[in-house]
Amino acid sequence: MSVKNDKRLAAEAAVAEVQDGMVVGLGTGSTAAFAVAALGLRVAGGLRVQAVATSEATAEAARAAGIAVLDFADCAAVDLAIDGADEIDARLWAIKGAGGAMLREKAVAAAARRFVVTADGSKRVDAIGGAKVPVEVLPFARSFVVAQLEALGAAVTVRSGYRTDNDNLVADCRFRDMSDPRGLAASIAAIPGALGHGLFLDEVDVAYVASGGKVLKLER
Ligand code: 5RP
């Protein structure tokens, strides 16, 4: 059983929750891509949904799969959002954003009545903190924000030659102390010029995690 197969199975379990008439949030990354493909198949079979996408790449893939894509700017609420994660723990706390889409992903997750994370088993951890925490940074404030993140105990690497879909930078942070993710999230959010971060502590309602071809459902 491959990791790819586990990603597909987790994504398909999440897509099985989609019902006719829903507005569906579509995440970013390789697991989310399996959800787009699975949803496309259901749409081809007659399911009527509209989607909002958390990245330009996902919007393109969704359209190619025959899914109607709305502009999230025109959309105040989403019925169900499906996305991947870099880490997910038993509290359903997650780190996201290796793909750089965490700001849009968090907005869509927050707008969603139900936010579903899909992942292969390698993403499941006892407590989040092993993965880098990406921070979307206003280019104008780059040096200031990096210094503030360092002051919070992070070793910071700004992704070279990379811009988000919002034309911002991403600072990948390895924090010395990850024992208080909630405090850390609040401290990062308080930095002017730090536009968003990959700590998802309150958003996730359910996670489908697949290992060795078996899907486990984790709920709060
Ligand atoms: C993108 C994300 C992805 O959902 C996360 O990085 C997981 O990616 P993958 O499914 O490819 O392992 O947060 O910003």
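Any read-out appearing in this document is the output of simple, stated calculations on the displayed coordinates, not a laboratory observation. Everything quoted here is computed from the prediction, not taken from an experiment. Glycine gets a Cβ as well: all are built from the backbone with ideal geometry, and neighbour counts include every protein chain shown.
Odds and ends about this structure:
- Each peptide in 45-51, 199-205 receives the mean, over its residues, of other Cβ atoms within 10 Å, and ordering these scores from highest gives 199-205, 45-51.
- If only the Cβ of Lys and Arg carry +1 and only the Cβ of Asp and Glu carry -1, the dipole of the chain around its Cα centre is close to 340 debye.
- For Val135, nonlocal amide neighbours, meaning residues 5 or more places apart or on other chains whose placed amide H falls under 5 Å from its own, are Ala171, Asp172, Cys173.
- Overall dimensions of segment 19-143 as given by Cα atoms, namely Rg and Dmax in Å: 14.8, 51
- The dipole here belongs to segment 133-197: it is taken about the Cα centre, uses +1 on the Cβ of Lys and Arg and -1 on the Cβ of Asp and Glu, and is about 80 debye.
- Ranked Glu105, Glu150, criterion: other C-beta atoms within 10 Å, fewest first: Glu150, Glu105
- Fewest neighbouring Cβ atoms within 10 Å first, the residues Tyr162, Tyr208 line up as Tyr162, Tyr208.
- Filter on Lys96/Lys214; Lys7/Lys217; Lys123/Lys217; Lys4/Lys217; Lys4/Lys96 - keep pairs with C-alpha separation over 20 Å: Lys96/Lys214
- If the chain linking Leu201 and Val3 were pulled fully straight, counting 0.36 nm for each residue of separation and taking away their Cα-Cα distance, it would gain 68.8 nm.
- With the helix formula -39500 (n - 2.57) applied to DSSP H stretches of n ≥ 4, the chain reaches a computed 222 nm mean residue ellipticity of -9000 deg cm²/dmol.
- Within the chain, the proportion of Cα pairs with more than 26 Å between them is 33 percent.
- Neighbour-count ranking [beta-carbon atoms within 10 angstrom, fewest first] of Lys123, Lys217: Lys217, Lys123
- D_trans [Stokes-Einstein, Kirkwood Rh over alpha-carbon pairs] for segment 79-202, 25 °C, 0.890 mPa s, µm² s⁻¹: 169
- In sequence order, calculated HN-Hα J values of segment 199-207 (Karplus, 6.51, -1.76, 1.60; Hz; x Gly/Pro): 7, 10, 9, 10, 7, 6, 8, 7, 10
- Cα-based helix-to-principal-axis angle, 142-151 vs the chain, degrees rounded to 10: 80
- Options Gly183, Leu47, Ser122, ranked by Cα towards positive dipole end of the chain, top entry (Cβ charges): Ser122
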